[in-house]
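S.K.: Can you read through this structure? Questions will come right after.
Every number here is computed from the coordinates shown, using simple stated rules; none is lab data. Computed from a predicted structure; not experimentally measured. Cβ atoms come from the backbone with ideal geometry, glycine included; neighbour counts cover every protein chain shown.
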Amino acid sequence: MTKITGGCLCGAVRYESSGAQAMAGICQCVDCRKSSGAGHCAHMGVPEPGVSVSGPTTAYARAADSGHIVTRHFCATCGSALFSSNDAMPGMIFLRASSLDDPNVFVPQMVVYASRAPAWDRPGEGLPRFDTMPPGM
């Protein structure tokens, strides 16, 4: 299996995953929009045990609409968004697709919180779209 690698803008933080993409989505919730500085975020879920991170990150934890805690990690130096975790999905790390060395390893499967998308941002044409988070996620 090919390793998935990525990191921040300044190079202070690097990560590597030996696990394959388990799930991937584009999210248009307010928190993802604000943390990305764009109309959406793209996340790739990989098994946490296969992920290694080097370099200092700063974490920000916040309750999502579901009440579950999402913890986002950013480079402590340049502020690049890198990965997150969600207490509803223990054992998974969600790599920010924008931080991947090869962005083409990200294969989106759905768009969530599509009801909150700004009119000017319509990613994922042809993908299943959910107004909120789909059941079981």
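S.K.: Work out from phi, with θ = phi - 60° and the Karplus expression 6.51 cos²θ - 1.76 cosθ + 1.60, the ³J(HN,Hα) of each residue of the stretch 39-53, listed in order in whole Hz, and give x for Gly and Pro.
M.R.: Result, rounded to whole Hz: x, 6, 10, 10, 10, 10, x, 10, x, 4, x, x, 9, 10, 10.
S.K.: Could you tally the net charge around V112, taking each other residue with its Cβ under 11 Å from the Cβ of V112, Lys/Arg +1 and Asp/Glu -1?
M.R.: Once all neighbours under 11 Å are counted, the net charge is 0.
S.K.: Here's another thing I want to ask about it. Using θ = phi - 60° and the Karplus form 6.51 cos²θ - 1.76 cosθ + 1.60, what ³J(HN,Hα) does each residue of the stretch 117-123 get, whole Hz, x for Gly and Pro?
M.R.: Ordered by residue, 3J(HN,Hα) equals 5, x, 4, 8, 10, 10, x Hz.
S.K.: Okay, helix-only estimate at 222 nm for the chain: each DSSP H run of n ≥ 4 adds -39500 (n - 2.57), divide by all residues, round to 500 deg cm²/dmol; what do you get?
M.R.: Rounded to the nearest 500, it is -1500 deg cm²/dmol.
S.K.: Separate question: Using DSSP to define loop residues, name the chymotrypsin sites (Phe, Trp or Tyr not before Pro) in the stretch 95-136 whose beta-carbon has at most 11 other beta-carbon atoms within 10 Å.
M.R.: Here the chymotrypsin sites (Phe, Trp or Tyr not before Pro) that fit, given the DSSP loop and packing criteria, are W120.
S.K.: I would also like to ask the following. Starting at the first residue of the stretch 19-28, write each ³J(HN,Hα) from the Karplus equation 6.51 cos²θ - 1.76 cosθ + 1.60 with θ = phi - 60°, in whole Hz, x for Gly and Pro.
M.R.: So the Karplus estimates, Gly and Pro as x, are x, 7, 4, 9, 7, 7, x, 10, 10, 10 Hz.
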